[in-house]
Each structure stands twice: as structure tokens, then as C-alpha cells.
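Rule-based calculations on the coordinates, nothing more; no lab input. Quick caveat: nothing in here was measured; it's all calculated off a predicted structure. With ideal geometry, Cβ positions are generated from the backbone for all residues, glycine too; neighbour counts draw on all protein chains shown.
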Amino acid sequence: MNATSERQGFVAMLKKGNKSSAIAMIGNAVIAAIKAFAAAFSGSGAMFASAMHSLADAINQGFVFAGSILSERRPTPRFPTGFGRVINIFCMVAVIVVTIMAYETIREGWHLIQHPVASEGIWLNIGVLLVNLIVDGLILVKAMKEILTETKAEAHGLKVVGAAFKNVGRSAPATRLVFYEDIVAVTGALLAMIAVLVVSLTTFEIMDGVVTVLIGLLMVGVAFRVGYDNMIGLIGVSAPKEVADKVSKIIFSEPFVTDIYQLRILQEGRYYHVEALMELKPGLTLADADDIKFKVRDKLLQDSDITDAILGIIEDDGVKSWVPIDKR
């Protein structure tokens, strides 16, 4: 009975993990193996660089998927605010992996620039890169849709792309990592395909090394971007203005609330902790004021992205303190 319960608990925990990371991990592992075979057969440096990038992506997504599972654990007496920032730690580990892979890729590219090598098997390379484009393209589309789901944004058709870029800052760190890495993966596959064609059809063999260095530099760019996002996440960052506006609207939906004296919203992972000091209409009894406070708190906690809300109440001081962020 205990074994069955443990298995069910493990499966339930896996289901809480970031879906984009799990799909990207499996997809990139398959792509890395195919590319490694093609690179060994053809001697293409650009293919080697692309294989390294796919391997880095697969390892990263494994780390991130594990981190996304742990970050969903419930708060404990020892960790009362929960484990939301665990995902930031795992993403920082992923950044280290990307940086190492980027260094190796740039070094290989520089070697190929100094000592160009004629590659073979053009159609094998093109076929592998086409598979890479399709798989990474599908993963990128999945990540874009996940961003819209997590941020509760709506878009259809080609508008999904613009909406994903607009809302990526409010998505989960794991989804953000998949999104940025797969943009580089798709771009890298296109560059590698260009290099394979140029080297095979012309005598400009140095192109292979140039593209390999470019792919490595793109990986460095992803490492810095993801590293910065997760560094501020570990320090503790305030929520985006869209979230602050949403929270203020929920608070003001209570008729007895006249103003917000102070509001602080801290983002941890993809969840938010709300602290607010509300001003209420004068003349209310303490019992009525408490009822209003708990009513507003219940409304806030109905939002699945808000994990806790600490509210205080004071009587209206007659001075307007809260100004909508978009009007400041």
C-alpha cells in the first residue's frame, strides 16, 4: 500500500513539472545524438557546434525540469514562503553548462578558421538540420503557448509570436529558459545549414568556422540573459506592473476600500507574495474591518499565481496614496 502511494505521489509530483522543459529535454537529446553522428561522419564543424548546443540544451532542460518539480513543493514551517526560488538555482546551474558548451564551441570554431577542414555528406547534414529545425521549431511553439498560458494572455495565429515576446518576462523561469534557448537553437540550425551549403558548393571553407563561432556567441548571449533573469529572481524582484494592476483591481473591488496606502508584490518563480496596507471607509467597527480584510484576502488567493497575501487595514486618511502604475 505504501509503495503504491509513493508511486502515485511521485507521478503526481512529475506532473507538476514544467512541461516545456520535459519536452525540450527529450527532443534535444534525440537531436544531439543525430547531430553527433552526422558531425563524426561529415567532419562539419558547424554540425559539431550545433550538436554541442543541442546536448547543452538537453542537459539544461533536465536540470530545469527537476528544479520545476521541487519548486512546486508546499511551504513548510522552516520555509514558510515556499520553494519558488529553487527553480532559479537550477536555472543558474543550466547557465554554467551553457557557458562551458559555448566556450568549447567557440574554441572549435576558431580552430576551424585557422585550419579549415573539407566536410562531406552534404545531404546527410542538410537532412539532420531539417529535422533539427522541425523539432526545435515545435518546441519553440510549445514554449510560446506555455508563456501565454502562464501569463493568462490571449493570442491566436501569428499573433502568438508577438504576445510571447511581450509576456515572456512574466512567465516561469523554466519556460523562459526553454524559449530563449530554442530561439538560439532554431537560429543556430539555420546558420549551420548555410555553412554546410557554402562549404560544399564553394571553396570558402572558412565559413564553417565562422558559423561555429557565431553559434557559440549566441549561446553566450543566452547564458547572460538567463543568468541575469535568475540572479534577480534569487535576490527577490518585484512583480511586473501588469500584476500590480491586477492585484490593485481585486483590492478596489471591495466597496469599503477607499485607497491602498502601501503595496508590495514579490515574485518567486512564477508565483507572487502580496503585502498590502488598505485604507477603509471611516466609522467601521473593528469586527467589520476584519471581515473586509479577510474577504479581500480570499479574493486574492483565488488567483492561482498568488500563494499568500498579508493585509493590513487603517482608516482613510483623506490623502490619495495609490496611483495606477500606468499613470505614474
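Based on the Kirkwood radius over alpha-carbon pairs, what is the Stokes-Einstein translational diffusion coefficient of the stretch 184-315 at 20 °C with 1.002 mPa s viscosity, in µm²/s? For the chosen part, D equals 115 µm²/s. Sorted on the mean count of surrounding Cβ atoms within 10 Å across their residues, most packed first, peptides 175-185, 290-300 read 175-185, 290-300.
Here the extension length gained between M231 and I310 equals 25.9 nm, from 0.36 nm per residue of separation less the Cα-Cα distance. Summarised in one figure, the compactness ratio Rg/Rh of the stretch 2-235, Cα atoms and Kirkwood Rh, is 1.04. Between R107 and V323, the distance separating the two model label sites (each 7 Å from Cα on the Cα→Cβ line) works out to 5.5 nm. Cα centroid separation, the stretch 251-291 to the stretch 148-166: 31 Å. In this Cβ point-charge picture (+1 for Lys and Arg, -1 for Asp and Glu), the chain has a dipole of about 300 debye about its Cα centre. Spin-label pair T285-K241: with each label point 7 Å from Cα along the Cα-Cβ axis, the two points sit 4.3 nm from one another. The angle between the Cα long axis of helix 45-70 and the main principal axis of the chain comes to about 30°, on a 0 to 90 degree scale. Pairs spanning more than 19 Å between alpha-carbon atoms, out of K19/K142; K35/K145; K145/K246; K166/K241; K152/K246; K142/K249: K35/K145; K145/K246; K142/K249. Summed over all non-identical Cα pairs, the Kirkwood treatment of the stretch 131-183 gives a radius of 10.8 Å. Full extension of the segment from K145 to V131, taken as 0.36 nm per residue of separation minus the current Cα-Cα distance, would add 2.9 nm. Over the stretch 61-112, the fraction of Cα-Cα pairs per 5 Å bin, rounded to whole percents and listed from the shortest bin up, is 5, 20, 18, 15, 12, 9, 8, 6, 4, 3, 1, 0. In plain terms, the residue of M231, M278, M219 with the fewest other Cβ atoms within 10 Å comes first and the most crowded comes last, giving M231, M278, M219. In plain terms, the chain from H115 to R78 could stretch by 7.5 nm, reckoned as 0.36 nm per residue minus the Cα-Cα distance.
A convex hull fitted around the alpha carbon atoms of the stretch 160-238 yields 85 Å³ per residue. Charge dipole (Cα centre; +1 on Lys/Arg Cβ, -1 on Asp/Glu Cβ; no other charges) of the stretch 153-255 amounts to roughly 360 debye. Charged side chains reduced to their Cβ positions (Lys and Arg at +1, Asp and Glu at -1) give the stretch 241-327 a dipole of some 240 debye around its Cα centre.
For the chain, the mean residue ellipticity at 222 nm estimated from helices alone is -23500 deg cm²/dmol, where every DSSP H run of n ≥ 4 contributes -39500 (n - 2.57) and the total is divided by all residues, rounded to the nearest 500. Near N167: Cβ cut-off under 10 Å, other residues only, Lys/Arg at +1 and Asp/Glu at -1. The net charge is +1.
Taken over the Cα atoms of the stretch 105-258, the convex hull encloses 123 Å³ per residue. In order along the stretch 158-171, the Karplus-derived 3J(HN,Hα) couplings, from 6.51 cos²θ - 1.76 cosθ + 1.60 at θ = phi - 60°, round to 5, 5, 4, 4, x, 5, 5, 5, 5, 9, 4, x, 9, 7 Hz, and Gly and Pro are given as x. Taking a sphere under 13 Å around the Cβ of P116 and counting the other residues whose Cβ falls inside, with K and R at +1 and D and E at -1, yields a net charge of -3. Summarising the overall dimensions of the stretch 246-326 from its C-alpha atoms, the Rg and Dmax are 12.4, 40 angstrom. Each label point was placed 7 Å from the Cα along the Cα-to-Cβ direction; for F224 and L70 their separation is 2.9 nm.
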